[in-house]
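Presented below is the structure to which this report refers.
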Amino acid sequence: MDAPKAFELRNVGVRFDGFPALLGLNLEVRRGECLAFVGPSGSGKTSALGVLNGMVPPATGSVRIREVDLSSIGVSAIRKLRVEIGVIPQDLGLVPNVRVYQNVMAGRLGRQSFIGSLRRLIRAPRRELQEVMHFLKRLGIENKIFQRTDSLSGGERQRVAIARSLYQGANTILADEPLSALDPARARETLALLVDIARENHMTLVLSMHDLALAREFIPRLVGLKNGAVLFDRATGDISPEEFEELYNLESKERHG
């Protein structure tokens, strides 16, 4: 029997400043599934992730998160749904002048009261520090736990953002180019870790990726976006070389996304 749906998009269109970013996107993502949006810059990958997170409202169509139609609920209810979604944005969303462990612990701010969150960030309980250390160790930066985040390299900051999302305890991770600041060896290792953690914890994992070789190696389902439209959406092994070539053929005019 199929797993319940984590996301369902029907005929979703998105426009920015009059330019179409997504055109009639239809997509179903099952809970526990792992997939990646692939395609050239401006193809709509970031916009698609924003729609899945409820941050980018569609101009047309409908969006359902865990069977809930976003058009039928208010802002506060949408925020509650987003507590279960860990997001790794392109700009990482880290606070630069605080310690690494504080940035990681910020992943649970949506689950705690404001005062309780402040207390934990100022004086972290030992148990929570140990949990933070667990994720940092898996990402290879456990020795950075007490350093200021702005002292880290770009790749190290990217791994802090991944650790924050894992620490959040969400049932879904949406990652926008999570490997872009990593060297090839670390990128491969980090993607393998993300996929493994998602499988171990029955999490839904949706990424946007530029590195097609890594996507083909690790991600079982690929959604090819070009000019805001779906070119293919199938199991990775069923996509032909000709389709990948067409995806990155940039002769047609690219739209913003």
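Sort out which residues of the range 19-72 are within 16 Å of VAL206 (Cβ to Cβ) and of a type in the set (Ser, Thr, Tyr), and write them in order of number.
First pass over the range 19-72, keeping only residues within 16 Å of VAL206 (Cβ to Cβ): 22, 25-39, 43-56, 63-66.
SER43, THR46, SER47, listed by residue number.
If only residues of the range 135-194 that are of a type in the set (Gly, Ala, Ser), over 21 Å from VAL29 (Cβ atoms) and not assigned by TED's automatic domain parsing to the domain that holds GLY39 are counted, the one that is modelled with the highest pLDDT is SER151.
Quick check on the range 197-232: of everything there that is assigned to a helix (DSSP H, G or I) and of a type outside the set (Gly, Ala, Ser), which residue is farthest from GLN90 (Cα to Cα)? Selected residue: GLU200. Taken over the range 35-47, the criterion of being at pLDDT below 95 and in contact with a helix residue (DSSP H, G or I) (Cβ under 9 Å, 6 or more places away or on another chain) is satisfied by GLY39, PRO40, SER43. Taking the range 179-196 as the range and being surrounded by fewer than 23 Cβ atoms within 10 Å (Cβ to Cβ), aliphatic (A, V, I, L, M) and assigned to a loop (DSSP other than H, G, I, E, B) as the test, the residues that pass are ALA181, LEU182. Note on the range 153-175: residues that are of a type outside the set (A, V, I, L, M, F, W, C), touching a residue at least 40 places away in the same chain (Cβ under 8 Å) and not in a loop (DSSP other than H, G, I, E, B) amount to 6. Taking the listed residues GLY32, GLY50, the one that is in the same structural domain as ASP176 (by TED's automatic domain parsing), touching a Ser or Thr at 6+ places or on another chain (Cβ under 7 Å), modelled with pLDDT of 90 or more and not in a strand (DSSP E or B) is GLY32, with no other qualifying.
The values are calculated or read from the model by the stated rules, or taken from the named source; none is laboratory data. Predicted model, so just to flag it, every value in this text is computed and none were measured. We place every Cβ from the backbone using ideal geometry, glycine too, and count neighbours over all the protein chains shown.
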